[in-house]
């Protein structure tokens with residue numbers, strides 16, 4: 001521990017180094033703070049994230065008043081040893097505003113949506129070949145999966161539900177979304193054996209008739225589906241209006257029509 005501390009360049013920042021904190025479960029960036037040598041020592045000794053407040057000019061432990069601590073499971077320095085990374089398990093929301101992450105003020109998502117739109121179109125081209133969104137053949141582009149999860153889950157965190165159910169289309173998409181939310185994931189087939197959690201998120205690649213039936217079945221068993229998020233939705237299936245989705249998918253004169261519900265764009269495939 002001493003060897004690591006001796007290598008950290010505290011002088012560059014007048015005794016402090018920036019500390020980036022990432023959620024060990026969801027991968028979400030939670031906050032940016034600053035630490036002096038003693039704060040990092042205390043983090044290593046206690047396993048709980050400590051920082052140095054530049055406004056109050058004192059050491060502080062995250063959660064010392066709120067109880068929303070950050071349990072640090074890994075600590076890494078950057079290439080120049082002038083910045084620190086905490087991988088942490090949060091005990092509650094990190095931001096003082098009540099948000100899960102301090103990074104919640106969206107400034108510019110144009111490039112994200114443009115890239116996602118192009119990837120969606122590419123995934124649905126191919127004639128008789130099924131889309132990877134529907135059956136993982138071939139596996140979907142990892143960037144498509146990641147950007148879809150980012151766009152669909154914006155504004156949500158793990159407090160939205162107690163568990164998730166993965167259904168509809170390629171299951172890897174639902175699994176990634178479940179991890180982003182920090183929720184344990186059940187496969188749709190497992191729901192027939194009983195899911196104990198009441199508040200659920202229903203996640204997947206495509207909303208279709210099978211998902212509609214599952215949604216009704218879950219609610220009939222007194223589950224509360226708090227969030228239904230799918231990359232595309234068959235607009236001909238009842239209940240599609242309940243689904244938070246990137247695009248509607250319909251068929252007009254034998255051509256697939258892709259409609260971006262959030263941005264109002266449309267395209268023929």
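The values are calculated or read from the model by the stated rules, or taken from the named source; none is laboratory data. A quick note: this is a predicted structure, and the numbers were derived from the prediction, not measured. In this analysis, Cβ positions are derived from the backbone assuming ideal geometry, glycine residues included, and neighbour counts consider all displayed protein chains.
Can you name every residue in the range 157-181 that is assigned to a loop (DSSP other than H, G, I, E, B) and over 25 Å from residue 137 (Cα atoms)?
Selection gives 157, 161, 162.
Take residues that are closer than 27 Å to residue 161 by Cα and at pLDDT 85 or above and tell me which of the strands (runs of 3 or more DSSP E) falling wholly in the range 228-269 contain 3 or more.
Strands (runs of 3 or more DSSP E) meeting the threshold: 244-252.
Does residue 206 satisfy the criteria of being under 21 Å from residue 136 (Cα atoms), touching a strand residue (DSSP E or B) at 6+ places or on another chain (Cβ under 9 Å) and in a strand (DSSP E or B)?
So residue 206 passes the test.
With the checklist (1) touching a strand residue (DSSP E or B) at 6+ places or on another chain (Cβ under 8 Å); (2) free of Cβ contacts under 8 Å to residues at least 40 places away in the same chain; (3) within 16 Å of residue 133 (Cα to Cα) in hand, flag the one item residue 187 doesn't pass.
Unmet for residue 187, out of (1) touching a strand residue (DSSP E or B) at 6+ places or on another chain (Cβ under 8 Å); (2) free of Cβ contacts under 8 Å to residues at least 40 places away in the same chain; (3) within 16 Å of residue 133 (Cα to Cα): (3).
How many residues, within the range 65-75, are more than 12 Å from residue 17 (Cβ to Cβ) and surrounded by 12 or more Cβ atoms within 10 Å (Cβ to Cβ)?
6
Starting from residues that are buried (at least 18 other Cβ atoms within 10 Å of the Cβ) and either farther than 23 Å from residue 80 by Cα or without any contact (Cβ under 8 Å) to a residue 24 or more places away in the chain (or both), keep the ones in the range 49-64 and report whichever is farthest from the chain's Cα centre (by Cα).
Here is the first cut: in the range 49-64, the residues buried (at least 18 other Cβ atoms within 10 Å of the Cβ) are 49-52, 62.
From what is left, the residues that are either farther than 23 Å from residue 80 by Cα or without any contact (Cβ under 8 Å) to a residue 24 or more places away in the chain (or both) are 50, 62.
Details: 50: 25, 62: 22 Å.
My answer is 50.
Select from the range 190-203 the residues that are in contact with a helix residue (DSSP H, G or I) (Cβ under 8 Å, 6 or more places away or on another chain) and either assigned to a helix (DSSP H, G or I) or without any contact (Cβ under 8 Å) to a residue 24 or more places away in the chain (or both) and list them in ascending order.
Answer for the range 190-203, where residues must be in contact with a helix residue (DSSP H, G or I) (Cβ under 8 Å, 6 or more places away or on another chain) and either assigned to a helix (DSSP H, G or I) or without any contact (Cβ under 8 Å) to a residue 24 or more places away in the chain (or both): just 191.
Select, from 61, 44, the only residue that is under 15 Å from residue 7 (Cβ atoms) and either assigned by TED's automatic domain parsing to the domain that holds residue 12 or touching a helix residue (DSSP H, G or I) at 6+ places or on another chain (Cβ under 6 Å) (or both).
Among 61, 44, only 44 is under 15 Å from residue 7 (Cβ atoms) and either assigned by TED's automatic domain parsing to the domain that holds residue 12 or touching a helix residue (DSSP H, G or I) at 6+ places or on another chain (Cβ under 6 Å) (or both).
Assuming residue 15 fulfils every condition listed in (1) under 25 Å from the mean Cα position of the chain (by Cα); (2) part of a loop (DSSP other than H, G, I, E, B) apart from one, which condition is it?
Just one mismatch for residue 15, condition (1).
Which one of these is buried (at least 24 other Cβ atoms within 10 Å of the Cβ) and more than 14 Å from the chain's Cα centre (by Cα): 204, 174, 168?
Numbers: 204 fails: more than 14 Å from the chain's Cα centre (by Cα); 174 fails: more than 14 Å from the chain's Cα centre (by Cα).
One residue alone meets the criteria, 168.
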